[in-house]
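Student: Right, I'll just put the structure down here and ask away after.
The values are calculated or read from the model by the stated rules, or taken from the named source; none is laboratory data. The model shown is predicted, which means the values in this text are computed figures rather than measured ones. Because the Cβ atoms are built from the backbone with ideal geometry, glycine has one as well, and the counts that use them run over all protein chains shown.
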Amino acid sequence: MSAAAKKDRGKADPNNRTVAVNRKARHDYDVLETVECGISLQGSEVKSLRDGLVALRDSYARVQDGEVWLHGVHIAPYAFAQGFGSHDPDRARKLLLHRREIDELAGRTQQQSLTLIPLSLYFKDGRAKVSLALARGRRSYDKRAAIAERDATREAAREVRRAARGGRDPE
């Protein structure tokens, strides 16, 4: 490994960082597939994103007239942008995808009653990106089953670690 690679290994790249995560999305939905897409923003919105002033909760995407629009994302106004430079914090924002990806998403959401949910918003090589999930909504009993399954796997992993250490049961 070169000296420069060792030097940069511990540092996080400022051009590649996560800005916001939709934590409730994986709890409320079964994620079937994810797609990375760009997002069309105004200048003051980019500054607000870099400051982390964004909320993805209760947001969704919809295919309208052959374009994908992101609704319900709140990007707080940038503090130093006033008047002409400021933006509407709750406006719909256009997502940037290839035509075939848009057509596929539109077909699957209409035929299989799926929904498009943003999982995270991040910067990649200096450009704002959205991780968009094609998901199916969960019922409340599905959520309970998922929680029980997660707890069971966690307990099994705990037992495997305990057995690997050769430790005794604390009881």
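Student: Among the candidates Arg138, Arg154, single out the residue that is of a type outside the set (Ser, Thr, Tyr) and in contact with a strand residue (DSSP E or B) (Cβ under 8 Å, 6 or more places away or on another chain). Working first, answer last.
Tutor: On the way: Arg154 fails: in contact with a strand residue (DSSP E or B) (Cβ under 8 Å, 6 or more places away or on another chain).
Result: Arg138 is the single residue among Arg138, Arg154 that is of a type outside the set (Ser, Thr, Tyr) and in contact with a strand residue (DSSP E or B) (Cβ under 8 Å, 6 or more places away or on another chain).
Student: Looking at (1) surrounded by 14 or more Cβ atoms within 10 Å (Cβ to Cβ); (2) in contact with a strand residue (DSSP E or B) (Cβ under 8 Å, 6 or more places away or on another chain); (3) not in a strand (DSSP E or B); (4) not β-branched (Val, Ile, Thr), find the lone condition where Arg62 falls short.
Tutor: Here Arg62 clears every test but (3).
Student: Something else now. Criterion first (in the same structural domain as Glu33 (by TED's automatic domain parsing), buried (at least 18 other Cβ atoms within 10 Å of the Cβ) and not polar (S, T, N, Q)) does Phe80 satisfy it?
Tutor: Details: in the same structural domain as Glu33 (by TED's automatic domain parsing): yes; buried (at least 18 other Cβ atoms within 10 Å of the Cβ): no; not polar (S, T, N, Q): yes.
When the stated conditions are applied, Phe80 does not pass them.
Student: Let me ask another. Could you tell me which residue of region 87-132 is nearest to Ala25 (Cα to Cα), considering only residues that are among the polar types (S, T, N, Q) and either in contact with a Ser or Thr (Cβ under 6 Å, 6 or more places away or on another chain) or not assigned by TED's automatic domain parsing to the domain that holds Arg57 (or both)?
Tutor: Only one residue tops the list, namely Ser120.
Student: A further question on this structure: Kindly list the number of the only condition in (1) part of a helix (DSSP H, G or I); (2) within 19 Å of Ala20 (Cα to Cα); (3) β-branched (Val, Ile, Thr) that fails for Ile102.
Tutor: Unmet for Ile102, out of (1) part of a helix (DSSP H, G or I); (2) within 19 Å of Ala20 (Cα to Cα); (3) β-branched (Val, Ile, Thr): (2).
Student: Is it the case, given these coordinates, that Ser131 is loosely packed, with under 14 Cβ neighbours inside 10 Å, of a type outside the set (Val, Ile, Thr) and not in a helix (DSSP H, G or I)?
Tutor: Values: loosely packed, with under 14 Cβ neighbours inside 10 Å: no; of a type outside the set (Val, Ile, Thr): yes; not in a helix (DSSP H, G or I): yes.
No; evaluated as a whole, the condition is false for this residue.
Student: Here is a further query. Tell me yes or no: at least one residue of region 87-110 is touching a helix residue (DSSP H, G or I) at 6+ places or on another chain (Cβ under 7 Å) and closer than 30 Å to Ala146 by Cβ. Steps first, answer last, please.
Tutor: Restricting attention to region 87-110, the residues satisfying the condition of being touching a helix residue (DSSP H, G or I) at 6+ places or on another chain (Cβ under 7 Å) are 87.
Going one step further and asking which of them are closer than 30 Å to Ala146 by Cβ, we end up with none.
Scanning region 87-110, I find no residue that is touching a helix residue (DSSP H, G or I) at 6+ places or on another chain (Cβ under 7 Å) and closer than 30 Å to Ala146 by Cβ, so the answer is no.
Student: Say we look at region 32-45 and pick out the residues that are of a type outside the set (Gly, Ala, Ser) and modelled with pLDDT of 90 or more; which of these is farthest from Ser140 (Cα to Cα)?
Tutor: Taking the candidates together, the pick is Leu41.
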